[in-house]
Every structure is written in C-alpha cells, then in structure tokens.
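Coordinate-derived values only; no laboratory data. Note that the structure is a prediction, hence the values are computed from the model and not measured. Every residue, glycine as well, gets a Cβ built from its backbone with ideal geometry; the counts of neighbours run over all protein chains shown.
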Amino acid sequence: MARGDHPERTPLYGGLLIIAAMLLGVGVTYWSRPPTVLRAIVLVLVGLMMLVGIGMTLRDYSGPPRR
C-alpha cells in the first residue's frame with residue numbers, strides 16, 4: 001500500500017466532516033447573526049458537507065462477497 005493510501009481512514013474523515021458541519025451550522029445559526037442571505041448560503045454548504053461526510057462514512061471498501 002502506498003504512503004498516504006489508507007482506505008480505512010475514509011470513514012474517520014467522513015465522521016470528522018459531519019462533526020465539523022454540525023459545529024459550523026450551530027455556530028452560524030445560534031452564536032452569530034450574519035445576514036439572512038449569508039446564513040442561507042452557509043447552511044446550504046453545511047448540508048453539502050453533511051452529504052459528503054455521510055457518503056465517506058458509509059462507503060463500503062470491501063470487495064464482492066466470496067463464494
């Protein structure tokens with residue numbers, strides 16, 4: 001396996017991305033009061049971050065089942 005090529009770390013990175021998106025969403029909606037348009041843009045980006053994180057976390061690296 002090449003250096004930096006660790007597929008088992010992908011779920012960890014996905015989980016960290018989900019946590020970062022949750023913290024960013026809470027920070028934008030509750031702790032700061034940006035203009036509504038900016039808040040909406042950030043929340044859309046948070047949603048995209050969540051989807052990418054879920055995809056990375058639930059990705060299956062196992063091969064096809066052996067018979």
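Brief remarks follow.
- Across the range 13-58, Cα pairs under 8 Å and at least six residues apart give a relative contact order of 67 percent.
- Taking label points 7 Å from Cα along the Cα-to-Cβ direction, Thr36 and Arg9 give a separation of 4.4 nm.
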